[in-house]
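The values are calculated or read from the model by the stated rules, or taken from the named source; none is laboratory data. Since we're looking at a predicted model, the values are computed, not measured. No Cβ is skipped: glycine too gets one built from the backbone with ideal geometry, and neighbour counts run over all protein chains shown. Just so you know, the surface numbers come from the protein's heavy atoms only, side chains and all, with ligands and any DNA or RNA stripped out. Shrake-Rupley method; radii C 1.70, N 1.55, O 1.52, S 1.80 Å.
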Amino acid sequence: MIRPFHGFAVVTLGIAAACATIPVEERGGDPAVTVTALAETVPVGTSNEDAADDPAIWRNAADPAKSFIVGTDKKAALHVYNLDGEQVGRLEGAGLNNVDLVEMADGTVLVAASDRSDLATAHILLARLDTQTGQLSRLDRIAVGPGEGYGICMGQPAADGSVAIYSAPKEGAIYRTRLQMGEGGTFDAATDTLTTVPSQPEGCVVDPRTGTLYIGEEIAGIWAIDLATGEKRLVAEVDTGMLVADVEGLALAPEGADGGYLVASSQGDNAYAVYRLPAMTALGRFRIAAGELGATEETDGIELDPRSFGPDFPGGLFVAQDGVNPPSAQNFKMARWDEILAALEAAQ
């Protein structure tokens, strides 16, 4: 595998570096197993700032090794990377914080990013991913509701071709926007408020098998929200050994009718918490440690797909934002999901 060349040096983000000086063992989490990254993306274009944030994975079913990762530089753009970490596409746009994507019935890969360029009203930026070239084309920008756009995730397409996007602005409202392709390539959108959480949320992921939306409330924990009723339960709390605030990105590895794993970024101690579904039973914690490539620290967004991605990632792909990546700007690192599970199981 080609290792990306970091072609310019920058000063590491000051606020992240300051936090990272606190010893990991003093930050309150249970012991964590370690794995190493197999690949990483080139750094985002914005240096010396908190810029890279959230990844999403598109899997090429015909040739999984030729899949793409879409990642945000919230100061400047959406980036598209191949699994060697090379940038193959870019779409300009400041304030694009979180990102998700879904493949529609006609093969269109719809990308949705939370747009916080208007701090009073959350918006969704919609784009199309060209699965041959990795290029992104802008489709639409949709107003969601009051609040500063922050977290975002998507459901699976419905039988009528519509798709639901869930937005989590900083103020705590959880919006659901139902999209239907309209005439001229624009979208008809209808938004309602599914529920609220008491303080700032961000990471989210939809489990379509059980009709559940998982939301991370940064200082509190993980909520499971019933998509039919809006009822919510706090299913994983901070300060219990598994999660150290802030709770950031969430990712899902489904198995069977309702099993699999939910993974959360435990940003406060540079770790990731893994829970067994459907009961949200704590399995354990892991870190991406320094190896041939650097460690991950101060992780915001994560993404996970347990299927094969070719010879380098035969048992699934885990992607994590790296908030401290000296001497370069922030980037995204890739690890093997099967190696993570094996390390967790060995520690039991």
*Would you mind listing how long the chain runs along its three principal axes, going by Cα atoms, in whole Å with the largest first?*
52, 43, 39
_Contact order normalised by residue count of the chain, Cα under 8 Å, 6+ apart, percent_ = 18 percent
*Once the mean 1/r over all distinct Cα pairs of the range 37-101 is inverted, what Kirkwood radius in angstroms do you read off?*
12.0 Å
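Quick one, can you get me the convex hull of the C-alpha atoms of the range 143-254 expressed as volume per residue in Å³? Don't skip to the end; give the middle numbers.
Working: hull volume 11.8 nm³, N = 112.
Cα-based convex hull of the range 143-254, divided per residue, equals 105 Å³.
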*Spin-label zone in the range 102-133 - amide nitrogen under 12 Å from a point set 7 Å from the Cα of residue 62 along the C-beta vector*: 131-133
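Could you compute Rg(Cα) / (2.2 N^0.38 Å) for the range 196-299, with N its residue count?
Numbers: Rg = 13.6 Å, N = 104, 2.2 N^0.38 = 12.8 Å.
With N residues counted in the range 196-299, Rg over 2.2 N^0.38 Å equals 1.06.
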*Counting only the heavy atoms of the protein chains, how much of residue 84 is accessible to a 1.4 Å probe, in Å² to the nearest 10?*
40 Å²
*How big is D, in µm² s⁻¹, for the range 73-183 by Stokes-Einstein at 10 °C and 1.306 mPa s if Rh is the Kirkwood radius over C-alpha pairs?*
112 µm²/s
_What does the charge count around residue 129 come to, taking other residues whose C-beta lies under 14 Å from its C-beta (Lys +1, Arg +1, Asp -1, Glu -1)?_
+1
*When each of 66/333; 75/333; 75/232; 170/232 is checked by Cα-Cα distance, pairs over 21 Å*: 75/232
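Using only the alpha carbons of the range 238-327, what is the convex hull's orientation-averaged projected area in square nanometres? All intermediate terms of the calculation are to be shown ahead of the outcome.
Working: hull surface 25.5 nm².
Averaged projected hull area, Cα only: 6.4 nm².
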*Cα-based convex hull, the range 103-146, per residue volume (Å³, whole number)*: 69 Å³
*Could you state the accessible area per residue of the chain in Å², with a 1.4 Å probe and every protein chain left in place?*
38 Å²
*Of all accessible surface on the range 195-299 at a 1.4 Å probe, what whole percent is carbon and sulfur?*
48 percent
*Which shape class applies to the range 199-251: rounded if a/c is under 1.5, otherwise prolate when a/b exceeds b/c and oblate if not, where a ≥ b ≥ c are the square roots of the Cα gyration tensor eigenvalues?*
prolate
*How far is the Cα center of the range 280-310 from the Cα center of the range 55-70, in Å?*
17 Å
